[in-house]
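Asker: Handing you a structure now.
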Amino acid sequence: MDIQNVFFERYGSLRKYEKIDTIEDTSIIPGTLVFEAPNPFPGYYHKNPSLPKPLYVYFALENHLSQEQLMLVIKKIRSYIEFDFSAAKAKISFFNEQYTTIRIRELNNYSQVRILQEAFAREGLVMKYRNKNFKDVEVIITMKKFFQFLPINEEMMFDRTEGDQGYFKIPYHLDWQTFSDITNQVSHNVSILEFDAAMGMYFENYNVIDVIRIFSPRITMEMLQDIKNEYLTSIKRFNE
């Protein structure tokens, strides 16, 4: 049996820390607010700065967008656009500011950014215009997304669509500061120093399942298990 066919799909969210810049050149609709995450997995890439990084951009919108609206728009754009892309709802928060955005990934180059942004605008999404520029700004990004999990066991999964990512369940929800403190502690305790972590959750059987997402190139089940053990030990210690 092909393991890629043994998966389950869930809807939920992912929350992570990133640093962002604004794109200000001709690769976007002039004057619009488009963020770029030049270091999309900071826990990994800041230790490997010379490695090529994937292109992650965020189209800021003027108005709120429901998940249903976004899915219908994506479906229509995919019927005529000539390249692959992935899109998800994302909220960018820092200080007292929040931005509703569409997170875009799987683009091959910057020339595709404006083409895709114009397609979303053509389908009725109102782009937000830029009134200031951002450089190396620390933000919290919360994404609403569908997960496709490849189960390892009852507590751990690999991501079917986003390579080099694994997930494990945690016993209860963590606030952001506790998650950050525990992640910092774990990163100094495990032998796998080069990984990035994010906090997630998904819905299952009328319940919320809390998880932690780990990104590390060529991640293995053993690596994920080691990191999981360290997190659970630290979570227990924080709860004592």
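The values are calculated or read from the model by the stated rules, or taken from the named source; none is laboratory data. Nothing here was measured: the structure is a model prediction, and the numbers come from that model. Cβ: placed from backbone, ideal geometry, glycine included. Neighbour counts: every protein chain shown.
Asker: Here are some residues: P217, P171. Which one is within 30 Å of L107 (Cα to Cα) and either outside any strand (DSSP E or B) or β-branched (V, I, T) (or both)?
Answerer: On the way: P171 fails: within 30 Å of L107 (Cα to Cα).
Sole residue among the options that is within 30 Å of L107 (Cα to Cα) and either outside any strand (DSSP E or B) or β-branched (V, I, T) (or both): P217.
Residues checked against (1) in contact with a helix residue (DSSP H, G or I) (Cβ under 9 Å, 6 or more places away or on another chain); (2) farther than 23 Å from G163 by Cα; (3) among the hydrophobic types (A, V, I, L, M, F, W, C):
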position: F94; (1), (2), (3): no, yes, yes
position: R114; (1), (2), (3): no, yes, no
position: Q117; (1), (2), (3): no, yes, no
position: F120; (1), (2), (3): yes, yes, yes
position: K128; (1), (2), (3): no, yes, no
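Asker: Among residues belonging to segment 84-104 that are aromatic (F, W, Y) and in a loop (DSSP other than H, G, I, E, B), point out the one that is modelled with the highest pLDDT. Spell out how you get there, then give the answer.
Answerer: Going through segment 84-104, the residues aromatic (F, W, Y) turn out to be 85, 94-95, 99.
Add one more test, that the residue is in a loop (DSSP other than H, G, I, E, B), and what stays is 85, 95.
On the way: F85: 95, F95: 84.
Ranking the candidates gives F85 first.
Asker: Same structure, new question: Give the residues of segment 105-128 that are at pLDDT 95 or above and part of a strand (DSSP E or B), sorted by residue number.
Answerer: Result: M127, single match.
Asker: From R213, R160, which residue is buried (at least 16 other Cβ atoms within 10 Å of the Cβ), touching a Gly at 6+ places or on another chain (Cβ under 8 Å), outside the structural domain of A37 (by TED's automatic domain parsing) and within 24 Å of N39 (Cα to Cα)? Outline the logic, then answer.
Answerer: On the way: R160 fails: touching a Gly at 6+ places or on another chain (Cβ under 8 Å).
None of the others qualify; the one that does is R213.
Asker: Hey, can you tell me all the residues within segment 164-188 that are more than 16 Å from L14 (Cα to Cα) and exposed (fewer than 15 other Cβ atoms within 10 Å of the Cβ)?
Answerer: P171, D181, N184, H188
Asker: Among K53, K19, which is the only one that is more than 14 Å from T101 (Cβ to Cβ), in the same structural domain as Y129 (by TED's automatic domain parsing), modelled with pLDDT under 95 and outside any loop (DSSP other than H, G, I, E, B)?
Answerer: Working: K53 fails: outside any loop (DSSP other than H, G, I, E, B).
Testing whether each residue is more than 14 Å from T101 (Cβ to Cβ), in the same structural domain as Y129 (by TED's automatic domain parsing), modelled with pLDDT under 95 and outside any loop (DSSP other than H, G, I, E, B) leaves just K19.
Asker: Count, please, the residues in segment 56-83 that happen to be assigned to a helix (DSSP H, G or I) and acidic (D, E). Before the answer, list the steps.
Answerer: Within segment 56-83, the subset assigned to a helix (DSSP H, G or I) is 67-78.
In the following step, the residues that additionally are acidic (D, E) were identified as 68.
Going through segment 56-83 one residue at a time, the tally reaches 1.
Asker: Conditions: (1) free of Cβ contacts under 8 Å to residues at least 40 places away in the same chain; (2) β-branched (V, I, T); (3) outside any helix (DSSP H, G or I). T142 meets all but one. Number of the miss?
Answerer: Evaluating T142 over (1) free of Cβ contacts under 8 Å to residues at least 40 places away in the same chain; (2) β-branched (V, I, T); (3) outside any helix (DSSP H, G or I) leaves (1) as the failure.
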